[in-house]
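Student: Could you have a look at this structure, given as C-alpha cells, before my questions?
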Number of protein chains: 2
Amino acid sequence: MDERLLSKLQNLRRASAILSSANSSLKNEAILLIAKALDENRATILEANERDVSLARARGLKESLVDRLLLNEKRLDEMIEMCHLVSELKDPVGEVVDSFVREDGLKIFRVRVPIGVVAIIYESRPNVTVDATVLALKSGNAILLRGGSDAIQSNIAIVKSIKEALEKSKLPENCVEFVEDTDRANVDFILKQREYIDLVIPRGGKQLIDYVVRNSVVPVLETGAGVCHIFVDESADLERSIEVIDNAKTQRPGTCNAVETVLVHKNIADRFLPMLKERLDAKQVEIRGCELTRKFIECVPATDEDWATEYLDLILSVKVVSGIDEAIEHIGKYSTKHSDAILTESYSNAMKFVSAVDSAVVYVNASTRFTDGGQFGMGAEMGISTQKLHARGPVGLKELTTTKFVVLGEYHTRR
Amino acid sequence: MDERLLSKLQNLRRASAILSSANSSLKNEAILLIAKALDENRATILEANERDVSLARARGLKESLVDRLLLNEKRLDEMIEMCHLVSELKDPVGEVVDSFVREDGLKIFRVRVPIGVVAIIYESRPNVTVDATVLALKSGNAILLRGGSDAIQSNIAIVKSIKEALEKSKLPENCVEFVEDTDRANVDFILKQREYIDLVIPRGGKQLIDYVVRNSVVPVLETGAGVCHIFVDESADLERSIEVIDNAKTQRPGTCNAVETVLVHKNIADRFLPMLKERLDAKQVEIRGCELTRKFIECVPATDEDWATEYLDLILSVKVVSGIDEAIEHIGKYSTKHSDAILTESYSNAMKFVSAVDSAVVYVNASTRFTDGGQFGMGAEMGISTQKLHARGPVGLKELTTTKFVVLGEYHTRR
C-alpha cells in the first residue's frame, strides 16, 4: 500500500512543478473537460452512488448524513455548474499582491504562487471530490484526494471521469491522485509526508479533524466543526427572526453552518419562545431547552453537553440569556469559531457583537447558512477554516495560494 | 514555575481582549513611551548587555555570534528609531481587505483583526525583545517573550523599560509578558498552551526551530535558517557580481540572509573564481570549493555537508555548475527556501530562475542581505518565515493579523 501511495506522491510532486506555471487557459480547458466528462458519465456516477447510499442505509446511517452522501441529477448539475463557475473565476496565480520600490531603486514585488501539493482528507460528500480537484487545478496545485469509505464507489466513478478529462487536457494527468484504499493507515502515512505534501486539509467530523491536527507533521488547514449560534436580541424583529432560525436549522441540517443553539433575550422569551416552538414543531425539530426556556415552552431539558454539540440533525438547543453580554460569553465558551449571528435592531449591540465574537464569520441579521464559498462568491470551497492562520472562513482559490517575494535589482548591495 | 507562567498566560489572554480593539493612537502612544524609556535607560541596558557579552566571550562563543548579542549606542539608536518607524506605519487592524455584495443585498466584508496572543521563542539578539513587542502591540496582539539565556541580562533590562512605559500608557500593562527563567522546560510548557496562545514564533538556529515545529500543538510560524545561494550566470557583470557577493557574505555574516553558497557558471569560472578569491582573501573569508573550483583557485575542499550548512561565519562554499538548470537543481536540493539570487544579464534566465526557485525571496541582481522587514519597508520584523502557509518572507504588521468575515443583512435567509 505505502509504496503505491508513495509513487502517487512522487507523481504529484513532479506534476506540481509543471502545473504551477501552467497558463490559465490550459487550466480552464482541463476544468471544462472535467465538467464534460461528468456530464457524459452521469449514469455510471449515479449508479455507483446508489450502491453507496443503499449500503449506508443498510448500516443505519441517519438520514441527515445519508443526505450528505446522496447524489441526484440536480446535484450533478450543480457539480457541473460549479466547474463552469470556477473556470470563469480570475486565476489568482501571478497576481502582484503588493509592491515596494526602495529609494535606491530596488524593486520588491509580492507575487501570488501556488502552494504546491495539497492533500484533502474528507468523509462522505462525493461533491468534495470535484470541488477540491477543480479548485486545486485552477489555483495551480496538484492534489491528493483521500475520501471516506461511505462514498468510495461514487468517488471512484467521479475520479474516473476526472482522469479521462485530464488525459484529453494539456495538464499532466498525475496532478490529481486518488487513494482507493480507505484503510485508516494511509491517513497516518499521508500525515508524515512533509517532503511531498505542502498542506493537508481535513474536511469532515470533529473526530477526523482533531485526529489530523494532533498527528500531522505536514502543515494543516483546520476546517472545523460548526457549533453555530444565533442570539435573538430584545429589539429583533421577531417574525423575521423565526424565518432566519427556521432557515438556519432546517434548510440543510447536516451541514456545518446550520445553527445548533439559539440564545434568546430574557425580555422577549415569553413572546418569542412559543412562536419558535410552533414553527419548529411544524418542521419536526426537537427543542432542548435550558431551565428558563422550559418555563415558557414544553421541551426536552438541555444538558451541559448539548451546548457543545454539533447535532447535524433536526435538533436545536435553546437558552434564555440576560442580554448581549451573557450571549457573547456563552458563545466565547461553546462556539467552535465557525459562524455566529445576532438578530437585532440595536446598532450598538450589532457593533459590539461583531467586535467581541471571535469567529470566522460573524453575522448581523442573516442566517448562518450563508457561510459557504459558493454563497460568498468564491465559486466553491475546499472547506471552512476555523483556524486563524493562513485562511479563515471559506477556503477558495486565493486561500490555496501563497506568496513569494521577487526582488529585481541592478547589482544592489545593502549599506 | 509553571504556575507563574500560567498566570502570565491568563493575564495575556485578558489583556488581548482589550488590546485587540484599542485605537491606533493609544497603541502608538505606548510605542513612543517605550522608545522614550529605552532612551532614558541606555546606561542600565548597555551595562546589562556588557555582562551578557563578557560571559558569552568567556564561554568561547564565536565572534560572529557575539555580534548578534552585542548592543552599543548605535544599535540602541536603531532600536529607538524602529519604535518611531513602527508608530508611523499604518495600523492594519480594521482594514477591509475584500468585500462582496450579493444580488440579494447581503453584504460580506473581510476585515483584518489581530491574531490574539503571540509567543516568540528566540535566542541571543536582544533587539528582538523590542522589535517583537512593538510589532505585536501595533498589530493589536498581546505577546509572550521567551528569550535565550545568552541575552538574559540585556532582556531583563529592556523588559523593565517596556513595562515602565506600559504603566504610563493606556494599554493594559499585561499585554507584554517576559519569561525570566531560561530553563528549557518552560519552552515545552509554552508549546502545549493551545488555549492561551494563538501563535508561536521560533526565531533562532535550526535546532530551536526544528524543536518547536516538531513539538508544538500551538500553530507555528516557522522562521527558518538561511542556506542562501547566489548563482553567477555566464552573462553576469563580473566586477559588480564581486561587489554583490562580498556584500552578501561579509556585511553581517552572522545573519540568516547572508550568502552561504555561490554557484558559478562553468564558462566564466576561469575568469571569475580568481577575482572572487582575491576579494574574499582580503576580507578573511575561507572558501570551500568543489573539485572543479579547486582547478581554478586554491581553497579548502567542500564536502557534501558544506552544501547544507548555514555557516553564519566568514566561510563560503563555492561550486562550479554547467548552467542555470544545474544551479536551480542544486538550490532545489539544498536551499532552506529563504533567499536565493541569480546574477545575470539574460532576461530569459532571470525569468526562469524567478519562476523555478521556490524560496520566500528570489533575487535578480541584488544581494540576499536585503531580506529583512526593515529593508522591505515593514519597519521591523518578527522573523523571516520560510513556510508557505500564512506568511512567507519577513513577518511584519500585516502578517501578525488574521481576518474575520463580517456579514450584514436584513434578516436574509438562504434559498
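Student: Could you say whether any residue in the range B:257-273 is modelled with pLDDT of 95 or more, part of a strand (DSSP E or B) and within 14 Å of chain A (Cβ to nearest Cβ)?
Tutor: Yes.
Student: Can I ask one more? Would you pick out the residues in the range A:88-103 that are acidic (Asp, Glu) and in a loop (DSSP other than H, G, I, E, B)?
Tutor: Scanning the range A:88-103 gives A:91, A:95, A:103.
Student: Looking only at residues in the range A:353-396 that are among the charged types (D, E, K, R) and within 10 Å of chain B (Cβ to nearest Cβ), which one is surrounded by the most Cβ atoms within 10 Å (Cβ to Cβ)? Explain how you work it out, then say what you get.
Tutor: First pass over the range A:353-396, keeping only residues among the charged types (D, E, K, R): A:358, A:369, A:372, A:381, A:388, A:392.
Right, trim to within 10 Å of chain B (Cβ to nearest Cβ) and you get A:358, A:369, A:372, A:388, A:392.
Numbers: A:358: 22, A:369: 25, A:372: 19, A:388: 23, A:392: 22.
The qualifying residue surrounded by the most Cβ atoms within 10 Å (Cβ to Cβ) is A:369.
Student: Does residue B:125 fit the bill of being more than 28 Å from residue A:337 (Cβ to Cβ) and within 20 Å of the chain's Cα centre (by Cα)?
Tutor: Judged against the criteria, residue B:125 is a match.
Student: Now for a different question. How many residues does the range A:104-124 hold that are within 11 Å of chain B (Cβ to nearest Cβ), closer than 30 Å to residue A:182 by Cα and in a loop (DSSP other than H, G, I, E, B)?
Tutor: Of the residues in the range A:104-124, 2 are within 11 Å of chain B (Cβ to nearest Cβ), closer than 30 Å to residue A:182 by Cα and in a loop (DSSP other than H, G, I, E, B).
Student: Can you tell me how many residues in the range B:229-256 are of a type in the set (Gly, Ala, Ser), part of a loop (DSSP other than H, G, I, E, B) and surrounded by 23 or more Cβ atoms within 10 Å (Cβ to Cβ)?
Tutor: Within the range B:229-256, residues that are of a type in the set (Gly, Ala, Ser), part of a loop (DSSP other than H, G, I, E, B) and surrounded by 23 or more Cβ atoms within 10 Å (Cβ to Cβ) number 1.
Student: Between B:141, B:174, B:127, B:186, which is over 30 Å from residue A:374 (Cβ atoms) and surrounded by 24 or more Cβ atoms within 10 Å (Cβ to Cβ)?
Tutor: Values: B:174 fails: surrounded by 24 or more Cβ atoms within 10 Å (Cβ to Cβ); B:127 fails: surrounded by 24 or more Cβ atoms within 10 Å (Cβ to Cβ); B:186 fails: surrounded by 24 or more Cβ atoms within 10 Å (Cβ to Cβ).
Matching residue, one of B:141, B:174, B:127, B:186: B:141.
Student: How many residues does the range B:397-411 contain that are of a type in the set (Asp, Glu) and either crowded, with 21+ Cβ neighbours inside 10 Å or free of Cβ contacts under 8 Å to residues at least 40 places away in the same chain (or both)?
Tutor: The number of residues fulfilling the criteria is 1.
Student: Output the residues belonging to the range A:325-352 that are under 28 Å from residue A:283 (Cα atoms), over 26 Å from the mean Cα position of the chain (by Cα) and surrounded by 17 or more Cβ atoms within 10 Å (Cβ to Cβ).
Tutor: A:344
Student: Of the conditions (1) over 23 Å from residue B:272 (Cβ atoms); (2) in contact with a strand residue (DSSP E or B) (Cβ under 9 Å, 6 or more places away or on another chain), residue B:337 satisfies every one except a single condition; which number is it?
Tutor: All conditions are met except number (2).
Student: Out of A:35, A:30, A:43, I need the residue that is farther than 24 Å from residue A:385 by Cα, crowded, with 24+ Cβ neighbours inside 10 Å and modelled with pLDDT of 95 or more. Which one?
Tutor: A:30
Student: Sticking with this structure for a sec: Restricting attention to the range A:66-84, does a residue exist that is assigned to a helix (DSSP H, G or I) and either within 14 Å of another protein chain (Cβ to nearest Cβ) or small (Gly, Ala, Ser) (or both)?
Tutor: The answer is yes; a qualifying residue exists.
Student: From A:85, A:71, which residue is more than 23 Å from residue A:398 (Cα to Cα), in the same structural domain as residue A:174 (by TED's automatic domain parsing) and of a type in the set (A, V, I, L, M)?
Tutor: Unique residue meeting the criteria: A:71.
Student: If we only count strands (runs of 3 or more DSSP E) wholly inside the range B:297-415, which ones have 1 or more residues that are closer than 30 Å to residue A:243 by Cα and out of contact with any Phe, Trp or Tyr (no Cβ under 9 Å at 6 or more places or on another chain)?
Tutor: Hits in the range B:297-415: B:401-412.
Student: Any idea how many residues of the range B:214-228 are surrounded by fewer than 18 Cβ atoms within 10 Å (Cβ to Cβ) and either under 23 Å from residue B:136 (Cα atoms) or modelled with pLDDT of 95 or more (or both)?
Tutor: 1
Student: Does the range B:231-247 contain any residue that is under 29 Å from residue A:219 (Cβ atoms) and in contact with a strand residue (DSSP E or B) (Cβ under 9 Å, 6 or more places away or on another chain)? Quick ask: steps written out before the conclusion?
Tutor: At the first step, the residues of the range B:231-247 found to be under 29 Å from residue A:219 (Cβ atoms) are B:231.
Filter once more, so that each one left must be in contact with a strand residue (DSSP E or B) (Cβ under 9 Å, 6 or more places away or on another chain): B:231.
Within the range B:231-247 (the criterion being under 29 Å from residue A:219 (Cβ atoms) and in contact with a strand residue (DSSP E or B) (Cβ under 9 Å, 6 or more places away or on another chain)), the answer is yes, since at least one residue qualifies.
Student: Out of A:54, A:87, I need the residue that is of a type in the set (S, T, N, Q) and either touching a strand residue (DSSP E or B) at 6+ places or on another chain (Cβ under 9 Å) or touching a residue at least 24 places away in the same chain (Cβ under 8 Å) (or both). Which one?
Tutor: Being of a type in the set (S, T, N, Q) and either touching a strand residue (DSSP E or B) at 6+ places or on another chain (Cβ under 9 Å) or touching a residue at least 24 places away in the same chain (Cβ under 8 Å) (or both) holds for just one of A:54, A:87, which is A:87.
Student: Tell me which of these residue B:246 doesn't satisfy, since it passes every other one: (1) within 14 Å of chain A (Cβ to nearest Cβ); (2) in contact (Cβ under 8 Å) with a residue 60 or more places away in the chain.
Tutor: Of the numbered conditions (1) within 14 Å of chain A (Cβ to nearest Cβ); (2) in contact (Cβ under 8 Å) with a residue 60 or more places away in the chain, the odd one out for residue B:246 is (2).
Student: List pairs: first residue in the range A:320-337 and assigned by TED's automatic domain parsing to the domain that holds residue A:234, second residue loosely packed, with under 15 Cβ neighbours inside 10 Å anywhere in the structure, Cβ distance under 8 angstrom, at least six positions apart or on different chains.
Tutor: A:320/A:266; A:321/A:266; A:322/A:266; A:323/A:266
Student: Taking interchain pairs and intrachain pairs at least six residues apart, which have beta carbon atoms under 6 angstrom, with the first residue in the range B:192-213 and closer than 14 Å to residue B:118 by Cβ and assigned by TED's automatic domain parsing to the domain that holds residue B:151 and the second surrounded by fewer than 18 Cβ atoms within 10 Å (Cβ to Cβ) and among the hydrophobic types (A, V, I, L, M, F, W, C)?
Tutor: B:194/B:217
Student: Checking the structure you have, find out if any residue of the range A:229-249 is modelled with pLDDT under 95, under 19 Å from residue A:360 (Cα atoms) and not acidic (Asp, Glu).
Tutor: no
Student: Residue B:354 versus (1) out of contact with any helix residue (DSSP H, G or I) (no Cβ under 8 Å at 6 or more places or on another chain); (2) closer than 25 Å to residue B:111 by Cβ; (3) modelled with pLDDT of 95 or more: which is the lone unmet condition?
Tutor: Against the list (1) out of contact with any helix residue (DSSP H, G or I) (no Cβ under 8 Å at 6 or more places or on another chain); (2) closer than 25 Å to residue B:111 by Cβ; (3) modelled with pLDDT of 95 or more, residue B:354 comes up short only on (2).
Student: Follow-up. From the list A:21, A:7, A:25, A:54, exactly one residue is surrounded by fewer than 17 Cβ atoms within 10 Å (Cβ to Cβ) and outside any helix (DSSP H, G or I). Which is it?
Tutor: Of A:21, A:7, A:25, A:54, the one residue that is surrounded by fewer than 17 Cβ atoms within 10 Å (Cβ to Cβ) and outside any helix (DSSP H, G or I) is A:21.
Student: Being within 14 Å of another protein chain (Cβ to nearest Cβ), over 30 Å from residue A:415 (Cβ atoms) and of a type in the set (Asp, Glu) is true for just one of A:95, A:164. Which residue is that?
Tutor: Only one candidate qualifies: A:95.
Student: A follow-up question, please. Could you list, in sequence order, the residues of the range A:128-151 that are aliphatic (A, V, I, L, M), part of a helix (DSSP H, G or I) and under 17 Å from the mean Cα position of the chain (by Cα)?
Tutor: A:128, A:130, A:132, A:134, A:135, A:136
Student: Which numbered condition trips up residue A:332, out of (1) in contact with a Gly (Cβ under 7 Å, 6 or more places away or on another chain); (2) at pLDDT below 95; (3) at the interface with chain B (Cβ under 10 Å from one of its Cβ atoms)?
Tutor: Unmet condition: (1).
The values are calculated or read from the model by the stated rules, or taken from the named source; none is laboratory data. Since we're looking at a predicted model, the values are computed, not measured. Counting neighbours? That spans all protein chains shown, and the Cβs are built from the backbone with ideal geometry, glycine included.
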